[in-house]
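> Quick one: this structure, given as structure tokens, is what I'll be asking you about.
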Amino acid sequence: MFEVHTFPVPEDAKERALVTKDQYQEWYKKSVEDPEGFWAEQGKRLDWIKPYSKIKNVNFMVPDVSIKWFEDGTLNASVNCIDRHLAKRGDQVAIIWEGDEPTDDAKITYNELADHVGRLSNVMKAQGVKKGDRVCIYMPMIPEAAYAMLACARIGAVHSIVFGGFSPDSLANRIQDSECKMVITADEGVRGGRKIPLKVNTDKALETCPSVTSVVVVKRTGGDIEWVDGRDIWYEEATEAASPDCPPEEMNAEDPLFILYTSGSTGQPKGVLHTTGGYMVYASMTHQYVFDYHDGDIYWCTADVGWVTGHSYIVYGPLANGATTLMFEGVPNYPDSSRFWQVCDKHQVNTFYTAPTAIRALMREGNGPVTSTSRKSLRLLGSVGEPINPEAWMWYHEVVGDKRCPIVDTWWQTETGGILITPLPGATDLKPGSAALPFFGVQPQIVDNEGEPLEGATEGNLCITESWPGQMRTVYGDHERFMQTYFSTYKGKYFTGDGCRRDEDGYYWITGRVDDVINVSGHRMGTAEVESALVAHDKVAEAAVVGAPHDIKGQGIYAYVTLNAGVEPTDELKKELVQWVRKEIGPIASPDWLQWSPGLPKTRSGKIMRRILRKIAEDEFGNLGDTSTLADPGVVDDLIDNRQNRT
Ligand code: WTA
């Protein structure tokens, strides 16, 4: 077993810290003993139009699950991210934009941000978008993506961002599910020197989305696109003609702020719904304390706004705190593998927050691309999205951070709105690979498969027993599914879907998903989604998909495919199926390994035994457990003999 070293809090991190070790303990205690008092105080970090008098109103019991925070208060999220900063920091940079090409960058001050957001808000209103309407954002990583989010928030529209790497079909499904009225997109995106046909994809998606009446298009590349008169509007023309003044809509704390689709254990992604007050309190508070954010810090989170990390820690959290947040359009290895560190030097980045998959990919390129840069400005490093293996943690610490910078390994989910388990840089001794301790107000519990709480050093399923303000409120349009997914497995508790170990110091070690969700390069993917894409191909009879260890991606996608009778299993067909899945869902869903399987291991009642498929994919077939309940135990031998080489 990997020997666990503990890294004590460095002296300078301690001195600077907003929260020290003693304070962490004291505040944590207060936050769980008197949540109402604790959060009543924290709620004040926002500007409210009408102050709240009620703090928390939560029921975790099916069939009455209901979560409300600050429910009689009113506010506007864009005012909290923009207007309230203008008097003091109108000329401060709000967003540093770094384009795909190193020569392409921009700085947007808070005054400029106010102007852009006001204009776009008016354009949206003129198109008939009203409070409560849903707006889909399908954008590259350009400042207009942040303007679009904030403009929605300003007029009370609910944004639903779809990651720019998703296919027309995936985009269409998400637009249909929440019946969006408008799509905001760009002609094309640019990443790593390659163009992404966003408008073409949008046009294709909208063939099946009658709810959409207007499409706002940002001109990013000037590439050739089709135009639908009466529906499509150029962003630049429309915003130039619009007034920059748009009064904010007064929103109840529990009015929806956004929907974000995420993968679950069924084929259909869930529309995770977050509301305004609690989410904003939690995003802003976690951003401040987890990243020990001080005025003047330059903060960079490398996520895409298509994922929740981009929502909470590129846009809402940092801007609510009046921070300078860096938005990067490109990829870590373009033009070369030094890019991240060159950007850190160029913009004097102090806090850098990325995903383990990026760290592992860069680690493979050796130390040269890192050590050729200065990185002196860096003070704090962060990790998110999947478990970080101790080897990658050590490299991040020693090579990237020159052994100076603490690493915050932050565990959370789309559903949680913000970080739940994490070290605090000035308060927590670090153990490589552990997300450490719960944030204020968060009460983790590890339970066995029957839901019995396990005490002390132990391992099991991770639940959270009490609500926190940033928690999702429902699955859009399907409260039943919300209750079933999160509150019915273990009665009265929020079940995360993650497995977890707790050590003798009370540190949490996330071991990965225990459901049919896999984590590929830090992106969540439902195995059922990939399966339904595969079986949609006319040569495929049946498919089963599992996750298997992958050196760079953490987990890769391993697909077992049964072809229709008479279809020849060829290498060309394999390639065709991988392409097919890319086209159906998007490149992030491409199977890494595909194995022809004449049959799948099933119980006599016809249920696929995924446990066995997982073990074979992991090369752990010496230890398959009981296979006697299989309808045809013979299929297992065939699968073992023909397993794919993963190295
Ligand atoms: C995993 C991303 C270990 C976990 C913010 C979770 C992590 C899923 C960590 C959520 C971490 C996220 N250590 N595992 N620090 N952070 N995960 O919704 O399995 O895209 O359930 O949210 O990622 O992924 P999501």
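The values are calculated or read from the model by the stated rules, or taken from the named source; none is laboratory data. Bear in mind that the values here come from a model prediction, so they are computed numbers and not experimental data. Note: ideal-geometry Cβ built from the backbone for every residue, glycine included; neighbour counts use all protein chains shown.
> With the requirement that a residue be more than 27 Å from D245 (Cα to Cα) and buried (at least 17 other Cβ atoms within 10 Å of the Cβ), what does the range 78-107 give you? Outline the logic, then answer.
Applying the first criterion (more than 27 Å from D245 (Cα to Cα)) to the range 78-107 yields 98-104.
Answer for the range 78-107, where residues must be more than 27 Å from D245 (Cα to Cα) and buried (at least 17 other Cβ atoms within 10 Å of the Cβ): E98, G99, D100.
> Could you grab me the full set of residues in the range 361-413 that are more than 12 Å from the ligand (Cβ to nearest atom) and closer than 18 Å to W307 by Cβ?
A361
> Got at least one residue in the range 54-71 being more than 25 Å from the chain's Cα centre (by Cα), part of a strand (DSSP E or B) and either under 30 Å from G118 (Cα atoms) or among the hydrophobic types (A, V, I, L, M, F, W, C) (or both)?
So far as the range 54-71 goes, no, none of its residues is more than 25 Å from the chain's Cα centre (by Cα), part of a strand (DSSP E or B) and either under 30 Å from G118 (Cα atoms) or among the hydrophobic types (A, V, I, L, M, F, W, C) (or both).
> Being surrounded by fewer than 24 Cβ atoms within 10 Å (Cβ to Cβ) and of a type in the set (S, T, N, Q) is the filter here, so list the residues in the range 115-159 that pass it.
N122, Q127
> I've got another one for you. Of the residues A533, A544, only one is touching a helix residue (DSSP H, G or I) at 6+ places or on another chain (Cβ under 6 Å), small (G, A, S), in a helix (DSSP H, G or I) and away from the ligand (no atom under 16 Å from the Cβ); which? Can you show your working first?
On the way: A544 fails: in a helix (DSSP H, G or I).
Just a single option satisfies the conditions, and that option is A533.
> Of everything in the range 367-376, what is out of contact with any Phe, Trp or Tyr (no Cβ under 8 Å at 6 or more places or on another chain) and buried (at least 16 other Cβ atoms within 10 Å of the Cβ)? Give them in sequence order.
none
> Determine whether the range 286-293 contains at least one residue that is farther than 23 Å from T496 by Cβ and in contact with a Lys or Arg (Cβ under 7 Å, 6 or more places away or on another chain). Quick ask: steps written out before the conclusion?
Pass one, the range 286-293, residues farther than 23 Å from T496 by Cβ: 288, 292-293.
Then keep just the ones that are in contact with a Lys or Arg (Cβ under 7 Å, 6 or more places away or on another chain); that gives 292.
Yes, the range 286-293 has at least one match.
> Go through (1) among the aliphatic types (A, V, I, L, M); (2) more than 17 Å from T357 (Cα to Cα); (3) within 10 Å of the ligand (Cβ to nearest atom) one by one and return the number of the condition A435 breaks.
A435 satisfies all of (1) among the aliphatic types (A, V, I, L, M); (2) more than 17 Å from T357 (Cα to Cα); (3) within 10 Å of the ligand (Cβ to nearest atom) except (2).
> I'd like to check something: does the range 595-607 contain any residue that is at pLDDT 90 or above, of a type in the set (G, A, S), exposed (fewer than 15 other Cβ atoms within 10 Å of the Cβ) and out of contact with any Gly (no Cβ under 8 Å at 6 or more places or on another chain)?
No; the residues of the range 595-607 include none that is at pLDDT 90 or above, of a type in the set (G, A, S), exposed (fewer than 15 other Cβ atoms within 10 Å of the Cβ) and out of contact with any Gly (no Cβ under 8 Å at 6 or more places or on another chain).
> Among Y490, Y486, which is the only one that is of a type in the set (F, W, Y) and either closer than 27 Å to T357 by Cβ or without any contact (Cβ under 8 Å) to a residue 24 or more places away in the chain (or both)? Don't jump to the end; show me each part of the working.
Details: Y490 fails: either closer than 27 Å to T357 by Cβ or without any contact (Cβ under 8 Å) to a residue 24 or more places away in the chain (or both).
Of the residues listed, the single one that is of a type in the set (F, W, Y) and either closer than 27 Å to T357 by Cβ or without any contact (Cβ under 8 Å) to a residue 24 or more places away in the chain (or both) is Y486.
> Now for a different question. Considering only the range 549-572, how many residues are away from the ligand (no atom under 16 Å from the Cβ) and touching a strand residue (DSSP E or B) at 6+ places or on another chain (Cβ under 8 Å)?
9
> Conditions first: (1) touching an Asp or Glu at 6+ places or on another chain (Cβ under 7 Å); (2) within 16 Å of the ligand (Cβ to nearest atom). P318 passes all but one, so which condition is the exception?
Of everything listed in (1) touching an Asp or Glu at 6+ places or on another chain (Cβ under 7 Å); (2) within 16 Å of the ligand (Cβ to nearest atom), P318 misses just condition (1).
> Going by the conditions given, is S265 surrounded by fewer than 21 Cβ atoms within 10 Å (Cβ to Cβ) and within 13 Å of the ligand (Cβ to nearest atom)? Walk me through it before giving the result.
Values: surrounded by fewer than 21 Cβ atoms within 10 Å (Cβ to Cβ): yes; within 13 Å of the ligand (Cβ to nearest atom): yes.
When the stated conditions are applied, S265 passes them.
> Quick one: which residue in I557, I585, I608 is closer than 19 Å to G267 by Cα, out of contact with any Lys or Arg (no Cβ under 7 Å at 6 or more places or on another chain) and touching a residue at least 40 places away in the same chain (Cβ under 8 Å)?
I585
> Let me ask something additional. Give the range 223-239 a look and list any residue that's more than 21 Å from L206 (Cα to Cα) and loosely packed, with under 14 Cβ neighbours inside 10 Å, or say none.
E236, E237
> Would you mind listing the strands (runs of 3 or more DSSP E) fully within the range 100-213 where at least 1 residues are free of Cβ contacts under 8 Å to residues at least 40 places away in the same chain? I'd like the intermediate steps shown before the answer.
Values: elements: 105-109, 134-138, 158-161, 182-186, 189-191, 194-196.
Ranges flagged: 105-109, 194-196.
> Can you name the helices (runs of 4 or more DSSP H) wholly within the range 266-369 that have at least 2 residues being at pLDDT 95 or above and under 19 Å from the mean Cα position of the chain (by Cα)? Before the answer, list the steps.
On the way: elements: 277-290, 317-320, 339-347, 356-363.
Filter on the range 266-369 gives 277-290, 317-320, 356-363.
> Here are the criteria: (1) more than 30 Å from P63 (Cβ to Cβ); (2) surrounded by 21 or more Cβ atoms within 10 Å (Cβ to Cβ). Tell me which single one L462 does not satisfy.
(1)
> Can you tell which of V19, V65, V9 is farther than 24 Å from P432 by Cβ and not charged (D, E, K, R)?
Numbers: V19 fails: farther than 24 Å from P432 by Cβ; V9 fails: farther than 24 Å from P432 by Cβ.
When all the criteria are applied, what remains is V65.
> Next question, about the same structure. How many residues are more than 14 Å from the ligand (Cβ to nearest atom) and either surrounded by 16 or more Cβ atoms within 10 Å (Cβ to Cβ) or among the acidic types (D, E) (or both) when one looks only at the range 503-518?
Restricting attention to the range 503-518, the residues satisfying the condition of being more than 14 Å from the ligand (Cβ to nearest atom) are 503-506.
Among the residues that remain, those that are also either surrounded by 16 or more Cβ atoms within 10 Å (Cβ to Cβ) or among the acidic types (D, E) (or both) are: 503-505.
Of the residues in that region, 3 qualify.
> Another one. In the set V578, V567, which member is crowded, with 17+ Cβ neighbours inside 10 Å and at pLDDT 95 or above?
Values: V567 fails: crowded, with 17+ Cβ neighbours inside 10 Å.
Result: V578 is the single residue among V578, V567 that is crowded, with 17+ Cβ neighbours inside 10 Å and at pLDDT 95 or above.
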